[in-house]
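Report on the structure given below.
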Amino acid sequence: MVLVLLLLAASAEADPFFVDATREAGLEQPTVNGDPDKRFILESTGSGAAFFDYDGDGDLDLYVLDGSTYANYGAGPGNVLYRNDGGAFVAVVAGVEDRGWGMGVAVGDYDGDGQRDLYVTNYGTNALYRNRGDGTFAAVTAQAGVAGDDFSASAAFFDYDRDGDLDLYVANYVVFDIEPVLQDPDLDDPCIYLGGLRVFCGPQGMEGGQDRLYRNDGGVFADVTVASGVATANFHYGLGVMPADFDRDGDLDLFVANDETPNVLFRNDGGRLGDIGLEAGVAYNGDGELEASMGVDAGDCDGDGDLDLYVTNFYGETNTLYLNSGAGTFIDATAERGLAAPTVGYLGWGTRFFDFDFDGDLDLFVANGHIYPQVDHTSSGGKYAQRNQLFANEGSGAFAAVEEAGPGLLVQKSSRATISGDYDHDGDVDLFTTNIDDSPTLLRNETRAGRYLVVQVDPEVVGAWVRITAGGRTQVRSVGGAASYLGHSDARLHFGLGRAERVERVEVLWPGGEVTQLEDLPVDEVVVVKGGGD
């Protein structure tokens, strides 16, 4: 025991260190996203992934989506479910091998049987898979009424009407007709980008896809897009989705990151959703400028007890940090907190708040990659393959770019989705990114700086608040794996404790008002908190 404590203390000052563990984990299969030259917008958005425990054995399995090509439309390589076998992943056949043009994935127990189900978004018909609990899934899309027929992107399960079951929000991107391309494989519709490059057109000039909200009525869903109020602000170019209780009034709100159109923040007023993005200060950046938003995550990065927003944007724009004022508004603090200059030369997608070094504050990861391969043939416009970025929280919500974070952060690809979770059971948070036309990147976190506590709420109630106090410091997190871009992360909450030797208190504030409290807990443990009565 003394030796262990000494090792942990010695590692408290460790530098950030991430290893590319993709090959050793058995995850080298590349994704397919259209043709190499990307002649149409459908080929640029990439595909997602999910960390979740599908078989109930306690470790994180991995579901990776795949796209297609025009030549093989409707018969793509197929999505892959990987079973976690001691930190290595083994592909299994479980009935979720959708062979459409895969985009995003949401995870949730929509039928209340204790098993995590899957919802897959596609270009075209989406798919809902019910987890049978025996290692296989049943396709129930038609019966459930959530097929859709759009160019879908991110999706999220969340209980917007507080009736105890999971509803479903689906962001749809643009209206794109694939038929002319299938009929004429040589069809080209180029627009002009920086330096006179001929690239695909859109999203500007295209009709926006209309997002959908489905209410869960006992395992069958009803389209309540109009009745809920969502229809008043669902005509943008939707990409990223983030459900959370931003105003701390007990129900779940919803942020939607939109490309080239204003972002939307739906405030939940008893099940009625109204867009307050403009008045809340998140529709545009602080200068009133429209940005091309892709991904989003929420977390209390400044330690004041409410959820802030980080939104990734296009090359030439900064990503944007919106700090929650606690009074129903957000402030663009991107430049003030050190996140402007380091991001303007990148094109951001997936992003995650997480405490990589367990020092008690939320750090930040961003997956980057351009959409036009043609930029590599000019001196302006950035590069197609880009390195991903890690930003260390300096303790007050100000961030510093980490230039040396191990070999995993040296990888340069055109990345898209980012998900997080402790796949190797060593207590820290690892990352997984999908990459356009390439193998994914599994970043194993080997920083091991401070102590930690992992809190797992049971049942896994989206929107439950967890507050812990350790070493005289209080931290809050919100339960929910839907965030980033096209993906789902492990919903267990990882708290960094620095050098604290005990956890003084853990409180779970359930959406129904119930509070579960535990006191005097050991560190470096996973704590399961049961409750959630409404």
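The values are calculated or read from the model by the stated rules, or taken from the named source; none is laboratory data. If you're wondering where the values come from, they're calculated on a predicted model, not measured in any experiment. Glycine gets a Cβ as well: all are built from the backbone with ideal geometry, and neighbour counts include every protein chain shown. Heavy atoms of the whole protein, side chains included, go into the accessibility calculation; ligands, DNA and RNA do not. Shrake-Rupley method; radii C 1.70, N 1.55, O 1.52, S 1.80 Å.
Points to keep in mind about this one:
- Net +/- balance of residues flanking residue 113 in space, Cβ distance below 11 Å, scoring K and R +1, D and E -1: 0
- Rolling a 1.4 Å probe over the heavy atoms of the protein chains gives the chain an accessible area of 35 Å² per residue.
- Beta bridges per DSSP with both ends in the chain, % antiparallel, nearest 5: 95
- The residues packed around residue 40, meaning those with a beta-carbon under 11 Å from its beta-carbon, carry a net charge of -4 if Lys and Arg are +1 and Asp and Glu are -1.
- Three principal axis extents of segment 315-473 based on alpha-carbon atoms, in descending order, are 53, 39, 30 Å.
- Debye equation applied to the C-alpha atoms of segment 416-534, log10 I(q)/I(0) at 0.10, 0.15 Å⁻¹: -0.33, -0.71
- The GluC sites (Glu not before Pro) of segment 243-316 that DSSP puts in a loop, and whose beta carbon has at most 12 other beta carbons within 10 Å, are 289.
- Each principal axis of the Cα atoms in segment 52-144 has its own extent, and those three values, largest first, are 40, 33, 17 angstrom.
- Coarse-grained scattering of segment 39-194 at q = 0.13 Å⁻¹, given as base-10 log I(q)/I(0) from a Debye sum over alpha-carbon atoms: -0.63
- Residues whose amide H falls under 5 Å from that of residue 47, counting only those 5 or more places apart or on a different chain, are 417, with hydrogens built in the peptide plane.
- Helical mean residue ellipticity (222 nm; -39500 (n - 2.57) per DSSP H run of 4+; nearest 500) of the chain: -1000 deg cm²/dmol
- Karplus-derived 3J(HN,Hα), 6.51/-1.76/1.60, for each residue of segment 55-61, Hz, glycine and proline x: 10, x, 9, x, 10, 8, 8
- Size of segment 270-348 from its Cα atoms: along the principal axes, largest to smallest, the extents are 41, 26, 20 Å.
- Each peptide in 267-276, 292-301 was scored by the mean count of other Cβ atoms within 10 Å over its residues; highest first, the order is 292-301, 267-276.
- Label point of residue 289 set 7 angstrom out along Cα-Cβ; within segment 301-319, amide nitrogens under 16 Å from it belong to 311-319.
- Candidate aspartates and glutamates for bridging to residue 38, where Cα separation is under 17 Å - those fewer than 8 sequence places away on the same chain excluded: 66, 177, 179, 184, 186, 188, 189, 376, 437, 438
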